[in-house]
Amino acid sequence: MRVVFLGPPGAGKGTQARDLAREWGVPQIATGDILRQAVAAGTRLGREARDYMDRGALVPDEVIVGLVAERLGEPDAAGGFILDGFPRTVAQAEALERLLEETGQALDAVVYFEVSEPELVRRLTGRRVCRECQAAYHTVSAPPRREGTCDRCGGALYQREDDGEATVRTRLEVYTRQTAPLLERYRRRDLLTTVKGEGAIDEIRAAVRRAAEARR
Ligand code: AP5
């Protein structure tokens, strides 16, 4: 399964990618998670990316493309992957096409998560994330059993720097301007499949599974 999860910030890409990657036996390649790990570790990549991320802007294409190329070259990605949060610009989509072509691979599907803007703002401003396993919770709609603690691994939960309301608005604008044009690109290539991203998490997972597996 070689699939891209596409959608605005807060659409539920990460929530669904974590479980489906396990189910399909492929890695979840989440550029945002990779960047946040680099920021936490204080690496050169992290220092370079931090300012863009805190402002809600996109990290430059050449940095991201290099990072994804390296990750796709690891053995666990040879049999498939879920790309979560990449590509996000036309230049990134072009680079991905080149990378896959060079290795004789092709995407099976691009799953677009459709969610209304008020719901995105509600989800992001109430999100809490596990520092250890990156699982996402929501203070109202998906609270952990014990406040501040991850149900899965016992890690501490925190609020992301970029989940304050003003930065969330910036991220949504950046999405509309730079990422939404990819929908048309993938529609033209007959790769796009749209899933309604509002409702019960399990039902959305079933819809994503059906949509992606139908195109394998
Ligand atoms: P990234 O980490 O990729 O953030 P994002 O795309 O903005 O996506 P999110 O993680 O915010 O949302 P999601 O769709 O995964 O939703 P989630 O499942 O968590 O990127 C962060 C930054 O890194 C970027 O701004 C940029 O600076 C940089 N970056 C990353 N990739 C880049 C790239 N390719 N190029 C350039 N820069 C890049 O769910 C959200 C919340 O909703 C959670 O609280 C969850 O519990 C809840 N939820 C999920 N599903 C449901 C549901 N069905 N009902 C109710 N609540 C739900």
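Taken as a whole, the condition of being more than 11 Å from the ligand (Cβ to nearest atom) and touching a helix residue (DSSP H, G or I) at 6+ places or on another chain (Cβ under 9 Å) applies to THR194. As for segment 125-134, it holds no residue that is under 17 Å from ALA30 (Cβ atoms), acidic (Asp, Glu), in contact with a Ser or Thr (Cβ under 9 Å, 6 or more places away or on another chain) and surrounded by fewer than 19 Cβ atoms within 10 Å (Cβ to Cβ).
Take segment 7-25 and flag every residue that is within 13 Å of the chain's Cα centre (by Cα) and of a type in the set (Gly, Ala, Ser). Answer for segment 7-25, where residues must be within 13 Å of the chain's Cα centre (by Cα) and of a type in the set (Gly, Ala, Ser): GLY7, GLY10, ALA11, GLY12, GLY14, ALA17, ALA21. Inspection of segment 139-157 identifies at least one residue that is surrounded by fewer than 18 Cβ atoms within 10 Å (Cβ to Cβ), at pLDDT 95 or above and either among the aliphatic types (A, V, I, L, M) or under 20 Å from LEU35 (Cβ atoms) (or both). Scoring THR15 on the criteria (1) of a type outside the set (A, V, I, L, M); (2) buried (at least 19 other Cβ atoms within 10 Å of the Cβ); (3) farther than 28 Å from LEU120 by Cα leaves a single failure, condition (3).
The values are calculated or read from the model by the stated rules, or taken from the named source; none is laboratory data. Nothing here was measured: the structure is a model prediction, and the numbers come from that model. Glycine also receives a Cβ, built like all others from the backbone with ideal geometry; neighbour counts cover every protein chain displayed.
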